[in-house]
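Notes for the one structure printed next.
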Amino acid sequence: MFTSYGYSTMTKGIIMSLLISAGALLFPFWPRTAILLTACSAMLFTLYFFRDPNRNVPDEKRTVLAPADGKVLLVQHHDHKGSGMPSTLVSIFMSPFNVHVNRIPISGKVTHLQYCPGKFLMAFDPRSMKSNEKMEIGIDNGEIEVFFNQVSGFLARRIVCSLHNGETVMSGNRFGMIKFGSRVDVILPASASVQVQPGQITRAGETVLARY
């Protein structure tokens, strides 16, 4: 029900909420009630944020799945430095209310992993793609290579990625998360047929982003 990536944060959040609730008992009724409601709301939101529902991974060949829940911000031409070839960028914005567990978009071998420190601009700001802290990931299945970036946001200050270079992965499997709002940019070969459009809602491990 909850992702293991959030156990430490959930534990800290629950302890903090309990301490605040205990301190609230020293206040008169109305201030005490307001403090208790705030602490309870914060604890419930933390648990809600780290939920990890199961997903029905499509049993389809030659597809690229969405690595994140959220809304498609843009679909546009992109010259990717990693592949050195014309590509298509699909950017997915994750609000604090989305499931934040990320999933593998295609089965294959991890060929690229690079952490890039940077700023913490709003995730929906186009400049965040180049300027923000991010984790760059590349997966090659022998037919196509797909790159995708976990990009931090204004609230998201920690990227979790459990992948290793050379590791063989399966599409739809969990691999990490970005805590508290962010975006994931997927760079597809120009030859891939994109199946989503701006404004569309995606579900990690279920929504087909592209076919090839």
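Derivation of every value follows stated rules applied to the coordinates shown; laboratory data play no part. Predicted model only: the values in this text are computed from it and were never measured. Cβ: placed from backbone, ideal geometry, glycine included. Neighbour counts: every protein chain shown.
How large is the charge dipole for the chain, taken about the Cα centre, if only the Cβ atoms of Lys, Arg (+1) and Asp, Glu (-1) carry charge, to the nearest 20 debye?
Details: 21 positive and 14 negative charges, 111 e Å.
Magnitude of the dipole: close to 540 debye.
Taking amide H positions as modeled 1.01 Å from N, with prolines and chain starts lacking one, the residues under 5 Å from D69 and 5 or more places away or on another chain are A204.
Here the Karplus curve 6.51 cos²θ - 1.76 cosθ + 1.60, taken at θ = phi - 60°, turns the phi angles of the range 31-39 into couplings of x, 4, 4, 4, 5, 5, 5, 5, 5 Hz, with x standing for Gly and Pro.
Find me the longest stretch of the chain that has none of the exposed trypsin sites (Lys or Arg not before Pro), where exposed means in a DSSP loop (not H, G, I, E or B) with at most 15 other Cβ atoms within 10 Å. The answer is 1-60.
Summing +1 for each Lys or Arg and -1 for each Asp or Glu among the other residues whose beta-carbon sits under 12 angstrom from that of V110 gives -3. In plain terms, the chain is cut at each of the GluC sites (Glu not before Pro) found in a DSSP loop with at most 10 other Cβ atoms within 10 Å, and the longest leftover piece is 61-142. Computed from phi, the 3J(HN,Hα) profile of the range 67-81 under the Karplus parametrisation 6.51, -1.76, 1.60 (θ = phi - 60°) reads x, 8, 6, x, 10, 5, 7, 7, 9, 8, 5, 8, 8, 8, 5 Hz, with x in place of Gly and Pro. Annotation: lysines with alpha-carbon distance below 24 angstrom to K109 (same-chain offsets under eight excluded): K61, K81, K134. The string of couplings for the range 87-103 from the Karplus curve (6.51, -1.76, 1.60, θ = phi - 60°) is 9, 10, 9, 10, 10, 10, 8, 10, 7, x, 9, 7, 5, 9, 6, 8, 10 Hz, one whole number per residue in order, with x for Gly and Pro.
Looking at P117, F45, L209, which one has the Cα that reaches farthest to the positive end of the dipole of the chain (charges on Cβ: Lys, Arg +1; Asp, Glu -1)? With unit charges placed on the Cβ atoms, the residue in question is F45. A quarter of the convex hull surface defined by the alpha-carbon atoms of the range 63-211 gives 7.3 nm² as the mean projection.
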